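**Student:** Below: one structure in C-alpha cells.
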Amino acid sequence: MVSDLLTSTEYWTDIQITRQDVEFLHNYLFEYETPLTAHELVSVFIEERIRAEQDSLRKRREAGGKIYLPRETFQVGDHVIFPALGWKHGKVAEVRLASTPRLAHSMF
C-alpha cells in the first residue's frame, strides 16, 4: 500500500530522481515564484511522490473493470471491481431483478 511508502526505508533509500520529478519541481518553483530551501523542496518532492504513487495504485486497482456501485446496472460478462471488498475483481455471471421488500409497500 501507499502508506507503506512512508515507513519503507528501502523505497526512500533507493529512490531514483526521474525526469518527471525534476520537471515537477521546476514547474512548482515557477508557479509559486518563491525561493525554497532544500528542506522545503524535499517536502514538496515527497508529497508529490506519495500523491503520484497513490494515483498509480488507484489506476492499477481500477484497471480492467467497472467500479461496483449499487445504483448502477451491469450486464452478464461485465468485469466489476469491489472497493468495499479489498478491490477484488469479479465477472457478472447472471442478472436478476432487484428485491427490496421495504420499498415494495412504499407509496411514491
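The values are calculated or read from the model by the stated rules, or taken from the named source; none is laboratory data. The structure presented is a predicted model; accordingly, all values stated were derived computationally and were not measured. Virtual Cβ from ideal backbone geometry, glycine too; neighbours counted across all protein chains shown.
**Student:** Which one is surrounded by the fewest Cβ atoms within 10 Å (Cβ to Cβ) among residues in the stretch 30-65 that are polar (S, T, N, Q) and under 11 Å from the mean Cα position of the chain (by Cα)? First the steps, then the outcome.
**Tutor:** Going through the stretch 30-65, the residues polar (S, T, N, Q) turn out to be 34, 37, 43, 54, 56.
So of that shortlist, the ones also under 11 Å from the mean Cα position of the chain (by Cα) come out as 54, 56.
Numbers: GLN54: 14, SER56: 11.
Ranking the qualifying residues of the stretch 30-65, first place goes to SER56.
**Student:** Among the residues of the stretch 89-101, which ones are of a type outside the set (Asp, Glu) and exposed (fewer than 13 other Cβ atoms within 10 Å of the Cβ)? I'd like the intermediate steps shown before the answer.
**Tutor:** Of the stretch 89-101, the ones of a type outside the set (Asp, Glu) are 89-93, 95-101.
Once the filter is applied, which keeps residues that are of a type outside the set (Asp, Glu) and exposed (fewer than 13 other Cβ atoms within 10 Å of the Cβ), the stretch 89-101 yields LYS91, ALA93, VAL95, ARG96, LEU97, ALA98, SER99, THR100, PRO101.
To keep it simple, each residue is scored yes or no on (1) touching a helix residue (DSSP H, G or I) at 6+ places or on another chain (Cβ under 8 Å); (2) under 24 Å from TYR11 (Cα atoms); (3) of a type in the set (Lys, Arg).
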residue: SER43; (1), (2), (3): no, yes, no
residue: ARG49; (1), (2), (3): yes, yes, yes
residue: GLN54; (1), (2), (3): no, yes, no
residue: LYS59; (1), (2), (3): no, yes, yes
residue: GLY65; (1), (2), (3): no, no, no
residue: LEU69; (1), (2), (3): no, no, no
residue: THR73; (1), (2), (3): no, no, no
residue: GLY77; (1), (2), (3): no, no, no
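**Student:** Restricting attention to helices (runs of 4 or more DSSP H) lying wholly within the stretch 1-73, give those where 2 or more residues are modelled with pLDDT of 90 or more.
**Tutor:** Helices (runs of 4 or more DSSP H) meeting the threshold: 19-32, 38-62.
**Student:** Next up: Out of the stretch 51-85, which residues are in the same structural domain as LEU25 (by TED's automatic domain parsing) and of a type in the set (S, T, N, Q)?
**Tutor:** Correct list: GLN54, SER56.
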